[in-house]
Amino acid sequence: MSRYRGPGRTGAALAGTGRERDPVVPWYQWRGDPVASRRSGPSAAPGPLCCLPGFMDLYMMNCELLATCSALGYLEGDVYHKEPDCLESVKDLIRYLRHEDETRDIRQQLGAAQILQNDLLPILVQYPQDKVLFDAVVRLMVNLTQPALLCFGKVPQDATSRHHFLQVVSYLQAYKEAFASEKVFGVLSEKLYDMLQLDWEQRQEEDTLLIERILLLVRNVLHVPPDPTEEQGVDGDASTHDRVLWALHISGMDDLLKFLASSQTEQQWALHVLEIISLMFRDQNPEQLAAVGQGRSAAERGEDTEELETLRQRELAERRSRALQRPSRHSRFGGSYIIQGLKAIGDRDVVFHKGLHNLKSYSHDLGKEVRRVPKRRLAAREAEPPRRSARNVRLFLREFCQDFLEGCYNHLMYLVKDQLIREKAQQHDETYYLWATAFFMAFNRSLRFRPELVSETVGIRAFHFIEQNLTSYYEMALMDKKEAATWARRMHLALKAYQELLRTVQEMDRSPEQAVRDSSQIIKNNIFYLMEYRELFLALFRKFDETKQPRSFLRDLVETAHLFLRMLERFCRGRAGLVVQSKRVRRKKKPRAPAALTAQPPTPEELEDLWTSLAPQLQACVQGEVPLPEDVVPFDAASETPVEEQRAEAMLRIQDCLLGGRAPEALRLLRSAREVWPEGDVFGPTGVEPSEETKLLHEILFAPLPRHAPPEAEEPEELEEEEEEEEETVRVSEKEFNFLDYLKQFARAPVIRAYVVLLRSYAQNSAHTNHCVARMLHRLACDLHMEALLFQLSLFSLFNRLLSDPCAGAYQELVTLAKFILGKFFALAATNKKAYVELLFWKSPAVTREMAEGYSSLQEGEGASTRKAPAWTPQEERELRELYWKYKEVEGEDIIANILAHLQAPGRTRRQVVNQLVRLGLANSVKDFPRERKGTRIVLWTQEQELELERLFEEFQGTDDVLGNIMKNLTARRSRARVVEKLLGLGLVSERKELYKKRRRKGHALLADEMEPLGAPARDSSAEEGDSDEEEEEEDGAEEGPMEEHWVPEDGAGQGLAQRLRQEGLAGPLQWLENYLKRTAGDREEDGVSHPVPLVPLSEENEDAMEDRRFQALLRKLGVRPPASEQESFWRIPATLTPQQLRRAAASLARQGPEPEGSPGQLSAPQHPQGPAPAEQPPASPGSDLESAEPGPVPAQAGTKRRWQVHSDDEDTASLGAGPGPAGPCVEEDEVLQPPSRRKRVRRVEEEEEEEED
């Protein structure tokens, strides 16, 4: 009898007697129960219980569970006899599993009793016709075989829970051994085949659920990890996983999987099939799998020969070292030696008590206890190395891969990606997509490269999808610290997929078909143009963490970066003027608290009406007819508000009184404030006439005073950075690409440190990996001339180990690099004695330049330490104290401004001075030194100042810049707007146009069309007027804006400037501006109403032109005004310009006469982007790759003019799967490579070569 059911029968009997028993019954209580004597049949044999695995679990097994298992049936020989209540028992087991505790006790007890091996599988094999029972058994087996990680949620950390976890894993491994049967998979395959034969009209919901459960059961069985203690055979032996795969193959299940992957009617099983396939090929290497049955290539034989030669040299070196160790009978009396130059603990030299043959191995660390590395600093654990399966299994898998690629791959990957994008899949299911992309594309590339078989995953969409997932995993690894290792594994999958995409594109370049090569060029145009793909590797290198990411991830990262750089370097050869995308992040600080909302200020018309009503009241108050209030106090001596702020508040109170119609209160407040603050004549001079007081009140009423603005108190820099938020705006533009400038971004300490980490294991690395590391270090040392970046002690220690390695001949490239770097270091050390100290630190490019050129070679504004403010010396602190006490008591002046003016050390800012005063204890807070509010120094013109203005106007009346010269020589600092108003008020000029700055050409002839309007910012006066004038100009900026509304352009204005801009390549923006003016003129004629019209550029070319100073000067000459305030973002066509004036301005922009041949304004027909580059191929760099180089581009003739088109569309190379038809150069790209529904952006970069003069 092969079955034992004693305990089960006893449990059933106890359950049937109705006696109350404890649910957990010890063995000694029910073994001798008298009811057990009623056992009948062959199962009554007494217990080989001690032979059952998991005996200690059965010892405390639940009696109800035992009774339920006993009611399933029994096995007699090879025939299983089911009990009448077998179906109900299966359902009871399902219900028990649903209510198990966190230790998964039910699952463990069923595994210990081997219910699946002894009961469920025999029922499945012998009773497939019983549909209800078959469905229930499959449902139960799906539950029992689900992964342990899914049962527990995660790998437990405590010892007890981890023991339960490992126990469940051991039961799963036993289940997998039982499933390695052709009968089991044969029954599952037949049942799945029958279900798939049903049409969707005939298929019931139960049939669909059964299909899903069978697929889940196969998935669970393949997912079980191998048992390392049981499977210790050599490569080529059949493991449990191999036997399961062979049973799956013999049963025909693999054909059903291929049918599900290619069928149009079974699309809902796409993710299930992909998951099963990924588990089937879990232990396989695509390159090795593709080479099965084809014999060994010459390259493989060469690699094995080199490996054997390395091992032979290492063995010979060990023999020589043993031969040099001369035997000694008396090991304790071999002599003692003194090692000169090596100090012991004291000041004496080290005494060496061993033989001289052991001298080289001496170290101070001998005999010391090895320091224990903390768990959080341990290197990440490497994944299990792939195991080579049995030959017949590999042959079957190779054939499966070929059939899958030819008939299923593109269709299945399309369905899976569609479900991922539409979020119909479960979380992290994209990892199976990433694995399949890397595996099958590598298999296709290694077998016989056929790009049409993998066309679904070759293209811009595939690159974008993988890059997005890789970036997402990278960000999650930084944020989710606890699961960083899990995110690192997912990141590794995405990186391998990205690497395989690049290798496939590289293989497409070597294809004999022109269409495939053209598709490769388009893909490279896009990925090299976008900034995200170029900066991906830099981010991964900078955040590499050896404790979270394994060494294999770093190896793939280095190899992928090497491949990307090599492809980019070859792409740039012969392409002078290559343009790529560039993104610039602008950070603008937000205020800490939003400003209070204020009412809309009154318009000038409303203020004029208000002043008309206030004038009689003020006249009556001045003549004494109306008494003034006496309880008006502008100053509160007990208030904590500084005096300067109270002065500004007094000005606001006067304006509020005028706006509220309280003229007597405003006049009294003005006179009281003049008595409190007589300095500076802010509220008028002492003894001012009544008429002057009226003018001053008029000026206060119309002044744009700041309201509800908190004082701009400065906080310390570190506090300010924390409190203030930064608003980031990303601006996308284009720039000319330089490969060496891009390579300089890799000259960072984190990048070099990662390469050094990988180089430590040079003996275990492959030859290609060592070449990738050596090539990158060679680029930095030779191509960028930054060999000092590699002057680091850890790297030199590695070089020492490499040069002393007996197998150094096998690493000739690394040896050459090491000798080169060491030679450069000792040459530098001869002139720079501090070079030895620099070995202790990782360095930046700025530090390497200092090491080579001298430590004072960096100019101001260079280096990494320029952002920090220079430290205050004791002499500067003493000087600051003296200046502070000197100007502290001076009233009416800014103490910080006086200190800055008399401070001897240049370059100090107001913030630095204020912060240092707080640190020295001279002030309590930075709020003690607030900035002066703008708009509060409204001073009347005195008679002397008016006479001075008249004299200056008469002196400079005939010059080109009348207003600029007056501003330079004016004694009292005033804004340009106030000077202009005063000149108009005195009648010295009749209109503002007379004050425009006149400009001359080379012949010094005055041109009316180049006169600068008053609203244009002055380029020379701003720097001369100082900081105070800049603030006043900012204050009056809003006043200067409306002045341009009344400026009318002259006939032919801007004609010469427009011609020069057209010759410089701005013909497109000029044409856009001309059309804009004509369209505005037509709209104004049609509507009969004129409104300001903003100039909104919709293309990058027009947007760049609007930022050009010369183009802005042209706009001013045409009468277009710039944004008047912060609320406006665009230039505007004023409402005062009539349609006739707009048409004359547009006519002045029209091209005058034909342009000379070859001018930049003419557009030549664009060439094919994959055509030969119009430049000569440069000579190979000294550190060029060892791989075979691609054929260089054809050199262009001198004096020619070409345009490179860099496409950044989203097309996925549809020509790959369309067929092998060649694409000739005469075919339009929009018809062949670009779908009409896609938006295509074409950037044309013009490249000109000057003809050589004979």
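With respect to the stated conditions, Ala774 fails to be closer than 30 Å to Lys583 by Cα and either touching a helix residue (DSSP H, G or I) at 6+ places or on another chain (Cβ under 6 Å) or hydrophobic (A, V, I, L, M, F, W, C) (or both).
Here is a yes/no grid of residues against (1) more than 27 Å from Ser582 (Cβ to Cβ); (2) of a type in the set (Val, Ile, Thr); (3) modelled with pLDDT under 85; (4) surrounded by fewer than 21 Cβ atoms within 10 Å (Cβ to Cβ):
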site	(1), (2), (3), (4)
Pro1049	yes, no, yes, yes
Gly1052	yes, no, yes, yes
Gln1059	yes, no, yes, yes
Glu1064	no, no, yes, yes
Leu1073	no, no, no, no
Asp1087	yes, no, yes, yes
Pro1092	yes, no, yes, yes
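In region 868-879 there is no residue matching the filter, namely being open to solvent by less than 60 Å² (accessible area, probe 1.4 Å) and either closer than 25 Å to Pro642 by Cα or in contact with a Phe, Trp or Tyr (Cβ under 9 Å, 6 or more places away or on another chain) (or both). Within region 1082-1134, the residues that satisfy the criterion of being among the hydrophobic types (A, V, I, L, M, F, W, C) and under 20 Å from Ala1058 (Cα atoms) are Leu1095, Val1096, Ala1105, Met1106, Phe1111, Ala1113, Leu1114, Leu1115, Leu1118, Val1120, Trp1131, Ile1133.
This table checks each residue for (1) loosely packed, with under 10 Cβ neighbours inside 10 Å; (2) at pLDDT 80 or above.
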site: Val350; (1), (2): no, yes
site: Lys354; (1), (2): no, no
site: Leu359; (1), (2): no, no
site: Asp365; (1), (2): yes, no
site: Arg372; (1), (2): yes, yes
site: Lys375; (1), (2): yes, yes
site: Ala379; (1), (2): no, yes
site: Ala383; (1), (2): no, no
site: Ala390; (1), (2): no, yes
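Residues in region 708-728 include at least one that is at pLDDT below 80, under 30 Å from Glu1101 (Cβ atoms), open to solvent by 50 Å² or more (accessible area, probe 1.4 Å) and charged (D, E, K, R).
Of all the listed residues (Gln109, Gln114, Gln167), the sole one being within 18 Å of Ser70 (Cα to Cα), open to solvent by 20 Å² or more (accessible area, probe 1.4 Å) and either under 50 Å from the mean Cα position of the chain (by Cα) or of a type in the set (Asp, Glu) (or both) is Gln109. Screening Ile895 with (1) over 50 Å from the mean Cα position of the chain (by Cα); (2) within 20 Å of Val682 (Cβ to Cβ) gives one miss only, at (1).
Inside region 675-696, can you point out the residues that are touching a residue at least 12 places away in the same chain (Cβ under 8 Å) and within 60 Å of the chain's Cα centre (by Cα)? Scanning region 675-696 gives Val676, Trp677, Glu679, Gly680, Asp681, Val682, Phe683, Gly684, Leu696. Scanning region 202-239 for residues that are crowded, with 18+ Cβ neighbours inside 10 Å, polar (S, T, N, Q) and either assigned to a helix (DSSP H, G or I) or at pLDDT 90 or above (or both) gives a single hit, Asn220.
Applying the criterion of being within 17 Å of Asp805 (Cβ to Cβ) and open to solvent by less than 100 Å² (accessible area, probe 1.4 Å) to the residues of region 312-329, the residue that is modelled with the lowest pLDDT is Ser321.
Scanning region 775-817 for residues that are among the aromatic types (Phe, Trp, Tyr), surrounded by 17 or more Cβ atoms within 10 Å (Cβ to Cβ) and under 25 Å from Val837 (Cα atoms) yields a count of 2. Quick one: what pairs do we get from region 507-527, first residue under 14 Å from Arg450 (Cα atoms), second of a type in the set (Lys, Arg), C-beta under 8 Å, 6+ apart or different chains? From region 507-527, the pairs are Glu507/Arg445; Met508/Arg517; Asp509/Arg517; Ser511/Arg517.
Of all residues in region 1102-1123, which are part of a loop (DSSP other than H, G, I, E, B) and open to solvent by less than 30 Å² (accessible area, probe 1.4 Å)? Answer for region 1102-1123, where residues must be part of a loop (DSSP other than H, G, I, E, B) and open to solvent by less than 30 Å² (accessible area, probe 1.4 Å): Leu1118, Gly1119, Val1120, Pro1122. Scanning region 281-306 for residues that are out of contact with any Lys or Arg (no Cβ under 6 Å at 6 or more places or on another chain), at pLDDT 75 or above and assigned to a helix (DSSP H, G or I) turns up Pro286, Glu287, Gln288, Ala290, Thr305, Glu306. When each of Glu559, Glu513, Glu507, Glu535 is tested for being open to solvent by 10 Å² or more (accessible area, probe 1.4 Å) and closer than 23 Å to Lys583 by Cα, the lone residue that passes is Glu535.
Yes or no, residue by residue, for (1) farther than 22 Å from His492 by Cα; (2) out of contact with any Lys or Arg (no Cβ under 7 Å at 6 or more places or on another chain):
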position: Gln514; (1), (2): yes, yes
position: Ile527; (1), (2): no, yes
position: Phe541; (1), (2): no, yes
position: Phe544; (1), (2): no, yes
position: Thr547; (1), (2): no, no
position: Phe564; (1), (2): no, yes
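The values are calculated or read from the model by the stated rules, or taken from the named source; none is laboratory data. All values reported here derive from a predicted model rather than from experimental measurement. Cβ atoms come from the backbone with ideal geometry, glycine included; neighbour counts cover every protein chain shown. Surface accessibility is based on the protein's heavy atoms, side chains included, excluding ligands, DNA and RNA. Shrake-Rupley method; radii C 1.70, N 1.55, O 1.52, S 1.80 Å.
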